[in-house]
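What follows is a single structure, written as structure tokens, with notes after it.
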Amino acid sequence: MGYTLNFAAVWRNFDFLLSGLALSLGLAVVSILIGAVIGLFAAFALTSKNRYAIASAQLYVTVIRNLPILVLVLFAYFAMPQMGVRLDKMESFVLVLSLYSGAYLAEVFRAGLLSIPKGLTEAGLAIGLTGMQIRSSIIAPLMLRNVLPSLSSTTISLFKDTSLAAAIAVPELTFAARKINVESFRVVETWMVTSGLYVATCFLIAASMRFVEGRLALPR
Amino acid sequence: MSYTFLEQFWIARYVIMNGLGMTVSISLLAILAGSILGVFVGLALVYGGAVLRLTVRAYTDVIRGTPVLVLVLASYYVSSAAGVDLGPFSAGVLALAIFCSSHVGEIVRGALQAIPKGQTEAAKAIGLTFTQTFTSVLWPQAMRQCLPSWVNTAAEMVKASTLLSVIGVAELLLRTQEIISRNFMSLQFYFLAGALYFIVNYGIEHFGKYVERKTALPS
């Protein structure tokens with residue numbers, strides 16, 4: 001095959017790729033923060049004693065986890081206006097990604113909550129803390145440390161899922177790559193550089209999460 | 001003249017069924033090819049020599065660090081640029097199979113490494129060859145370990161098959177979009193597609209739990 005690699009077109013548009021990458025990261029960070037709050041509430045509901053709270057949280061987690069995220073993305077952008085909810089593409093994508101990450105994080109946090117010994121809650125009650133105080137100042141901080149490894153892999157897959165925003169023309173990394181690909185026809189080079197950028201970013205996320213894990217580890 | 005949703009659904013019934021059939025065939029092909037390839041990836045990661053292990057590790061890390069949509073687009077565009085005209089269907093299935101293989105590879109690696117070393121030593125002690133040890137001691141145990149995550153991956157593949165709509169494969173999601181572009185009932189038909197995907201994945205999940213119960217060791 002007489003294909004010679006020529007990265008000139010890709011380097012010429014590298015700024016465009018980088019701004020796409022920045023947008024991907026931004027979407028991921030905002031969604032994971034909102035998703036963590038949703039996931040925390042859902043996990044507390046899943047481990048509560050209230051039957052209705054458990055059932056509704058379970059319904060949310062099961063439904064979201066069994067749906068393709070692309071269907072959710074398209075639904076939020078194209079179908080929700082029919083229900084009178086009109087969001088722009090960035091808002092609707094963040095909404096979907098937050099709800100999506102919330103469902104996955106709910107399971108992660110639930111496992112974390114179950115690993116916290118019961119004695120800690122009892123100790124909190126004994127010194128007169130309310131249920132809310134026990135959750136926010138004893139259980140949640142301990143649980144978050146425990147779940148950091150799974151949190152890191154959820155964050156990475158969330159970051160990769162931002163590529164779906166390309167389907168509704170949000171100019172993130174995949175969208176930028178597609179545009180360069182179509183305009184320059186430097187197909188192999190474009191996708192090599194793009195996937196290199198994704199892989200490198202995933203690597204950085206994993207490394208920094210490991211660093212945080214080390215810093216936050218409880219002395220044993 | 002305007003039709004109700006049920007009438008529109010009746011008009012589009014074959015199109016939807018076709019799309020669902022396409023989704024199922026894409027997923028089945030990708031899971032099958034990906035699992036076979038993935039078993040070799042897992043074996044190479046555990047038993048391979050240094051060079052092979054490093055190569056395969058690089059392969060899995062790159063695939064796992066790349067979004068599936070990028071794999072699908074890259075497979076589609078690169079194959080045609082390389083002069084092999086795969087067409088959207090084969091290119092998409094290839095991308096999903098590669099994605100699946102990296103996940104199955106990690107699952108197999110984890111399962112094999114979780115088996116206590118004593119098992120291999122015991123097998124050696126009674127004079128089994130490596131092949132015998134593997135096929136009758138290690139593999140049956142690893143399979144049980146793999147099952148839950150493998151079922152998860154299968155459900156993941158069904159969800160990932162929606163991405164083939166982006167390169168024009170007429171699976172369920174693309175069919176749904178076509179129907180919506182004719183009748184503008186986006187709410188109803190996205191709901192319908194979502195329900196169908198939910199049923200398929202929920203079914204896979206429960207079938208997996210059933211198989212798990214059936215193959216569980218008596219305790």
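The values are calculated or read from the model by the stated rules, or taken from the named source; none is laboratory data. Predicted, not measured: the structure shown is a model, and the values here were computed from it. As a convention, Cβ positions derive from the backbone with ideal geometry for all residues, glycine included, and neighbour counts pool all protein chains shown. Side chains included, ligands, DNA and RNA excluded: accessible areas come from the protein's heavy atoms. Shrake-Rupley method; radii C 1.70, N 1.55, O 1.52, S 1.80 Å.
Data table
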{"read-out": "Simple spin-label estimate for B:F40 and B:L86 in nanometres, 7 Å along Cα-Cβ", "value": "1.5 nm"}
{"read-out": "Rg/Rh ratio calculated on Cα atoms of the stretch B:116-219 (Kirkwood radius)", "value": "1.26"}
{"read-out": "Interface B:A - total buried accessible surface [probe 1.4 Å, Å², rounded to 100]", "value": "3000 Å²"}
{"read-out": "Förster-model FRET efficiency, 56 Å R0, A:L129 and A:A169, C-beta, rounded to 0.05", "value": "0.70"}
{"read-out": "Chain B: calculated mean residue ellipticity at 222 nm from DSSP helix runs of at least 4, using -39500 (n - 2.57)", "value": "-27000 deg cm²/dmol"}
{"read-out": "Relative contact order of the stretch B:12-213, defined on C-alpha pairs under 8 angstrom at six or more residues apart (%)", "value": "30 percent"}
{"read-out": "Part-to-part distance (alpha-carbon centres) for the stretch A:111-142 and the stretch B:120-158, which is given in Å", "value": "40 Å"}
{"read-out": "Simple spin-label estimate for A:F185 and A:Y3 in nanometres, 7 Å along Cα-Cβ", "value": "1.4 nm"}
{"read-out": "Ranked by how many other beta carbons lie within 10 Å on average, peptides B:36-45, B:170-179 from highest", "value": "B:170-179, B:36-45"}
{"read-out": "P(r) of the stretch A:5-214 over all Cα-Cα pairs, binned every 10 Å from zero, in whole percent", "value": "8, 28, 29, 20, 10, 3, 1"}
{"read-out": "Order of exposure, largest accessible area first, which applies to A:D15, A:D88, B:D61 with probe 1.4 Å", "value": "A:D15, A:D88, B:D61"}
{"read-out": "Set A:K49/B:K214; A:K49/A:K118; A:K89/A:K160 screened for pairs whose C-alpha atoms are more than 20 Å apart", "value": "A:K49/B:K214"}
{"read-out": "Karplus-derived HN-Hα couplings along the stretch A:23-39 (A = 6.51, B = -1.76, C = 1.60, θ = phi - 60°), whole Hz, x at Gly and Pro", "value": "5, 4, 5, x, 4, 5, 5, 4, 5, 6, 5, 5, x, 5, 5, 4, x"}
{"read-out": "Approximate shape of chain B as ellipsoid semi-axes (Cα gyration tensor, √5λ), whole Å, largest first", "value": "40, 22, 11"}
{"read-out": "Convex hull volume of the protein assembly as shown per residue (C-alpha atoms, cubic angstrom)", "value": "202 Å³"}
{"read-out": "Value of [θ]222 nm, deg cm²/dmol, for chain A, DSSP H segments ≥ 4, -39500 (n - 2.57) each, nearest 500", "value": "-24500 deg cm²/dmol"}
{"read-out": "Contact order relative to length of chain A, as percent, for alpha carbon pairs under 8 angstrom and 6 or more apart", "value": "31 percent"}
{"read-out": "Shielding score for B:185-193, defined as the mean number of other chain Cβ atoms within 10 Å", "value": "4"}
{"read-out": "Area accessible to solvent at A:W11, 1.4 Å probe radius, in Å²", "value": "140 Å²"}
{"read-out": "Shielding by other protein chains, B:153-163, mean Cβ within 10 Å", "value": "3"}
{"read-out": "Efficiency of FRET between B:L128 and B:A50 - r from beta-carbon atoms, R0 22 angstrom, step 0.05", "value": "0.30"}
{"read-out": "Computed FRET value (nearest 0.05) for A:R51 with B:E212, which takes r as the C-beta separation and R₀ as 25 Å", "value": "0.40"}
{"read-out": "Spacing of the two label points (7 Å from each Cα toward its C-beta) at A:L114 and B:Q119, in nm", "value": "2.4 nm"}
{"read-out": "Percent carbon-and-sulfur accessible area, the stretch B:38-82, ignoring ligands, DNA and RNA, probe 1.4 Å", "value": "72 percent"}
{"read-out": "Shielding by partners - mean other protein chain Cβ count within 10 Å, residues of A:69-81", "value": "5"}
{"read-out": "Inter-centroid distance (Cα atoms) of the stretch B:167-196 relative to the stretch B:68-112, Å", "value": "25 Å"}
{"read-out": "Under the span-like rule (Cα at least 30 Å along the axis, Kyte-Doolittle mean at least -1.0), DSSP H helices of chain B", "value": "B:13-47, B:87-114, B:186-215"}
